[in-house]
Amino acid sequence: MTTTNTTTAARAHARAQAGEITDSMPVLPASRWPGPPDGVPAESLTWAETVAGGRYTSKVLARGTRLRLRDLAGSACANLLLYRADAPWERLNAADTVKVPWQAYLGTGHPLLSDQGRVLATIVADTSGRHDAFCGTSSLADNLARYGEGAAHSGAPAGRELLTLAAAKHGLTQRDLPPALSFFHGVRVEADGALTSIGNAGAGAELELLIHLPVIVLIANTAHPLDPAPTYPTTSLEVLAWEAVADLGALTNEDPEYRRAVLNSEDAWAAAQFGKDAK
């Protein structure tokens, strides 16, 4: 049995883990990920990570990145926030994300809009169909009432507590946290206005986003506020991202509201890049 009761033994034990890949870690470099998506060269990967239930992650992604989230065991819930990396005061606006496209239920072709009318990302693939733009993520008070604990390092961490930690890594504070979108745990509005959980689609469900502007991505994999499970149910989430700049010219959503929002994003990008090639 390996012991760690001395500094030398502890060092040897730690170094023996080098190169191991577990079900809760980033893979560095991302090109070492053992199973890239079909048709995606391993060297195109820019993010490869598995996020355990009750944990969080974050990354800055370039424009033209494709981001895939996958519910590995059927009980993941990806609470997601986006911020413009070059102007982080511009961020995901959940209200506009459902209001502007005239659609409250997220799915393929749906834009994730900023508070300034720009598309930060578009959902370009979805095998789940179980998402939520109404409830936001869980709070400390919610989880204390449901599970008896909710702090970031407890057995049932709240989404807002974890997103606060993720935000701090990018110079953002708790006051910078708007309502999050939740992927892989669906909610429907009943005729009387009540919100009802419809749960997850099952193991292996995937969702892909195309990033239109450089963004800070924050993800907390935590139990949905309406999850009926009596104990903290969240299982692992797979996160992969790769270069896909060519996909920016192949969008299929023809709605005028979407096209205008894309033009807003392209205009902002063009203005920010003006003159850079000449330097």
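The values are calculated or read from the model by the stated rules, or taken from the named source; none is laboratory data. These figures come from a predicted structure and were not determined experimentally. Glycine also receives a Cβ, built like all others from the backbone with ideal geometry; neighbour counts cover every protein chain displayed. Just so you know, the surface numbers come from the protein's heavy atoms only, side chains and all, with ligands and any DNA or RNA stripped out. Shrake-Rupley method; radii C 1.70, N 1.55, O 1.52, S 1.80 Å.
The table below gives the values:
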| item | result |
| --- | --- |
| Sequence-separation-based contact order of the chain, relative, with Cα cut under 8 Å and 6+ spacing, percent | 31 percent |
| Inter-part distance where the stretch 126-171 and the stretch 48-112 are each reduced to a Cα centre, Å | 14 Å |
| Mean accessible surface per residue for the stretch 26-273, computed with a 1.4 Å probe while every protein chain stays in place, in Å² | 41 Å² |
| The chain - mean residue ellipticity at 222 nm from DSSP helices (-39,500 (n - 2.57) per run, n ≥ 4, rounded to 500) | -5500 deg cm²/dmol |
| Backbone HN-Hα couplings from phi across the stretch 56-65 [Karplus 6.51/-1.76/1.60, Hz, Gly and Pro as x] | 9, 7, 7, 6, 8, 10, 7, 4, x, 8 |
| Modelled FRET efficiency - R0 30 Å, GLN103 with GLU43, Cβ distances, 0.05 increments | 0.25 |
| Charge tally in the Cβ shell below 13 Å around TYR147, where Lys, Arg are +1 and Asp, Glu are -1, TYR147 excluded | -3 |
| Charge-dipole axis of the chain as Lys and Arg at +1 and Asp and Glu at -1 on Cβ define it, positive-most pick from ALA167, LEU226, GLY74 | ALA167 |
| The chain, accessible surface, carbon-and-sulfur percent (1.4 angstrom probe) | 53 percent |
| Relative contact order computed over the stretch 49-152 (Cα-Cα under 8 Å; 6+ residues apart), in percent | 16 percent |
| Around GLU243: net Lys/Arg minus Asp/Glu count, Cβ-Cβ under 15 Å | +1 |
| From the coordinates shown, percent of Cα pairs over 36 Å apart corresponds to which of [x] 28; [y] 16; [z] 50 | [y] |
| Options PRO37, ILE123, ILE216, ranked by Cα towards positive dipole end of the stretch 26-273, top entry (Cβ charges) | ILE216 |
| Selection from ALA272, PRO256, PRO111, by position along the positive dipole direction of the stretch 26-273 (Cβ) | ALA272 |
| Added length on full extension, which subtracts the Cα-Cα distance from 0.36 nm per residue, ALA246 to LEU263 | 4.5 nm |
| FRET efficiency, 1/(1 + (r/R0)^6) with R0 35 Å, evaluated for ALA191 and ALA145 via beta carbons | 0.80 |
| FRET efficiency, 1/(1 + (r/R0)^6) with R0 35 Å, evaluated for THR6 and ALA229 via beta carbons | 0.20 |
| The chain - charge dipole about Cα centre, Lys and Arg +1 at Cβ, Asp and Glu -1, debye rounded to 20 | 760 debye |
